[in-house]
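> One structure coming up, written as structure tokens, with questions to follow.
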Number of protein chains: 2
Amino acid sequence: MSESDTTREKIIVAARERFSHYGYPKTTIAELAEDCAMSPGNIYRFFKGKIDIAVEIARREALSAVEVIEAVLDCPLRSSRQRLEEVVFADLRYTFHLLENQPKTLELAQIVVSDRPQFQIESLRRERRVFQRILHEGQASGEFMVDNVPATTIALHAATTKYRYAQLFTNQTLAELERELAHVMTVIMRGLMPTSEGHAVAETQIPDETTALSFAASAVAASDTENRNENEMKTGTEEVSS
Amino acid sequence: MSESDTTREKIIVAARERFSHYGYPKTTIAELAEDCAMSPGNIYRFFKGKIDIAVEIARREALSAVEVIEAVLDCPLRSSRQRLEEVVFADLRYTFHLLENQPKTLELAQIVVSDRPQFQIESLRRERRVFQRILHEGQASGEFMVDNVPATTIALHAATTKYRYAQLFTNQTLAELERELAHVMTVIMRGLMPTSEGHAVAETQIPDETTALSFAASAVAASDTENRNENEMKTGTEEVSS
DNA sequence: TCAGTGAATAATTTATTGATTGTTCATTCT
DNA sequence: AGAATGAACAATCAATAAATTATTCACTGA
């Protein structure tokens, strides 16, 4: 069991290397087998097919992307508003840099999604859970005033669609997108927060790239090498409906 | 001049027919020439190339789509909130039905955009002008309380990205998208409107499909057959920055 | 029994070719 | 002159053949 697990890992490592260098289509099973010093046939004892190797890699990529974002939650001494903003900006920056520096990752994701539409749905759902947790906390502390948390979670997530893998929609620069997103968040925040009469909710400021993310990056780097188990992580809040 | 204009129109009519039936790639210049009872070479006295015929058709399509939406503006006895909501829902429904019933139109648009990226930028800008006009009016009447109208226009437009040609992003049904959009608009409206202390801004209701749109459809149908001039229409408000 | 093999086969991709199509332009009408 | 032609050429596409690749499975060695 443990033996066959390390073999499986070897395949994944080799595949990740080749997929990111040469792309999924140009990588052959025979090459992966050679990298792992085994026969092509043996690969099929660990994966049902070539696409399933890609699915596993994409799955892990998606999980670690959410981990980056979730790390903002563990950052102490922050208001719910700050958390929400940092999560949204982290999402923009993370996916923007991903497409910029690792174009093969997008290709892989597109291949996986076109073959397994459910994959995208689940990735988005995982991301929404983070939003929902923040909304929930903000609601509990009185910082937010929302009458339907699950529905507002979906709304928030939908309204920020443009800022996930933004290069798919536009060829604006990251700086332009950040300025735009600040305006979007300003409107949304005014919609979420109760207005103590008289003074309005302040504009959203573009968060510093280093603040929350250096924290997040180190947290992920630590968890990345260690407890890599197959199970979903526990959620802590109820599901987003739909 | 007038003579060569009607010839040009004949080409466009023939092209629109063939493009929507058989698609852009399967339509040949020879066929268009035959439809117009002329030689292939003569087409090139009116269009620089095949793609330019598609550009002209797409340009008109985009203009008439904005006209559908602009018609909401002429609908009397409506609050700015209602106008904004009706415009956004009209956009969702119009583009949804377009992709559903006229798949070749999407194909054409994608071909045009991949060849002329500027085309998309200008179409989006035209759409934003409608948003901006409503925001402006709402601001003037005191119904909205926005400190930066151009920036908020961009934010509003960006936050509703998912609901333009929604099938490109998701395979949700129209009914699902409408419910979702209602939640998005609820949050946004709370962000735009001043809260008289005590009672909150009401939730967005999904507008009736017939109300504003039957009005709009007839208005466009009327203008569609008649004054078809090449000029841009006058805007009436200042430009959206960027 | 079980991890692993590698030749055989089915499926897909790539290369090649011939046919079609977009575009030009010297020429013909009017 | 300007309007239109259609043969000529280059670019693109479709069809087929050739090569490569994914996948299976009867088999081997621990």
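> Considering only residues that are open to solvent by less than 40 Å² (accessible area, probe 1.4 Å) and closer than 23 Å to A:Q110 by Cβ, which ones fall in the range B:159-171?
B:T161, B:K162, B:Y163, B:R164, B:A166, B:T170
> Taking only the range B:2-35 into account, find how many residues are of a type outside the set (D, E) and within 8 Å of DNA strand D (Cβ to nearest atom).
Adding up the residues that qualify gives 5.
> If you don't mind, there's one more thing I want to ask. Of the residues that sit in the range B:74-130 and are of a type in the set (S, T, Y) and open to solvent by 30 Å² or more (accessible area, probe 1.4 Å), which one is nearest to the other protein chains (Cβ to nearest Cβ)?
B:S114
> Here's something else I'd like to know. Give me a count of the residues in the range B:175-205 that are in contact with a helix residue (DSSP H, G or I) (Cβ under 9 Å, 6 or more places away or on another chain) and not in a helix (DSSP H, G or I).
Number satisfying all stated conditions: 7.
> How many of the residues making up the range A:123-145 are acidic (D, E) and over 19 Å from A:L168 (Cβ atoms)?
2
> Within the range A:10-43, track down each residue that is away from DNA strand C (no atom under 12 Å from the Cβ) and loosely packed, with under 15 Cβ neighbours inside 10 Å.
Residues satisfying the conditions are A:V13, A:E17, A:H21.
> Sticking with this structure for a sec: Among residues belonging to the range B:44-63 that are within 19 Å of the chain's Cα centre (by Cα) and surrounded by 17 or more Cβ atoms within 10 Å (Cβ to Cβ), point out the one that is nearest to B:E127 (Cα to Cα).
So, considering only residues that are within 19 Å of the chain's Cα centre (by Cα) and surrounded by 17 or more Cβ atoms within 10 Å (Cβ to Cβ), the one nearest to B:E127 (Cα to Cα) is B:A62.
To keep it simple, each residue is scored yes or no on (1) in the same structural domain as A:N101 (by TED's automatic domain parsing); (2) at pLDDT below 85; (3) aliphatic (A, V, I, L, M); (4) touching an Asp or Glu at 6+ places or on another chain (Cβ under 6 Å).
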residue: A:Q172; (1), (2), (3), (4): yes, no, no, no
residue: A:E176; (1), (2), (3), (4): yes, no, no, no
residue: A:V187; (1), (2), (3), (4): yes, no, yes, no
residue: A:P194; (1), (2), (3), (4): yes, yes, no, no
residue: A:A212; (1), (2), (3), (4): yes, yes, yes, yes
residue: A:A217; (1), (2), (3), (4): yes, yes, yes, no
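> Follow-up. Report those helices (runs of 4 or more DSSP H) wholly inside the range A:39-112 carrying at least 2 residues which are in contact (Cβ under 8 Å) with a residue 12 or more places away in the chain.
Because the criterion is at least 2 residues that are in contact (Cβ under 8 Å) with a residue 12 or more places away in the chain, the helices (runs of 4 or more DSSP H) in the range A:39-112 that meet it are A:50-74, A:80-101.
> Of the numbered conditions (1) open to solvent by 40 Å² or more (accessible area, probe 1.4 Å); (2) within 14 Å of another protein chain (Cβ to nearest Cβ); (3) within 29 Å of B:R16 (Cα to Cα), B:N148 fails exactly one; give the number of that condition.
(3)
> Then there's this: Does A:V146 count as of a type in the set (V, I, T) and out of contact with any Gly (no Cβ under 9 Å at 6 or more places or on another chain)?
No: the conditions fail for A:V146.
> With the requirement that a residue be in a helix (DSSP H, G or I) and either in contact with a Lys or Arg (Cβ under 8 Å, 6 or more places away or on another chain) or facing chain B (nearest Cβ under 7 Å) (or both), what does the range A:157-174 give you?
A:H157, A:A158, A:A159, A:T161, A:K162, A:L174
> In this structure, does B:S141 turn out to be open to solvent by 30 Å² or more (accessible area, probe 1.4 Å), of a type in the set (G, A, S) and within 14 Å of another protein chain (Cβ to nearest Cβ)?
Criteria not met by B:S141.
> When you go through (1) more than 30 Å from A:I188 (Cα to Cα); (2) of a type outside the set (V, I, T); (3) modelled with pLDDT of 95 or more one by one for A:D5, which number turns out not to apply?
That leaves (3) as the condition not met.
The values are calculated or read from the model by the stated rules, or taken from the named source; none is laboratory data. On a predicted model such as this, the values are computed, not experimentally measured, just so you know. Neighbour counts run over all protein chains shown; Cβ positions are idealised from the backbone, glycine included. Please note that ligands, DNA and RNA were not included when accessible areas were found on the heavy atoms of the full protein model with its side chains. Shrake-Rupley method; radii C 1.70, N 1.55, O 1.52, S 1.80 Å.
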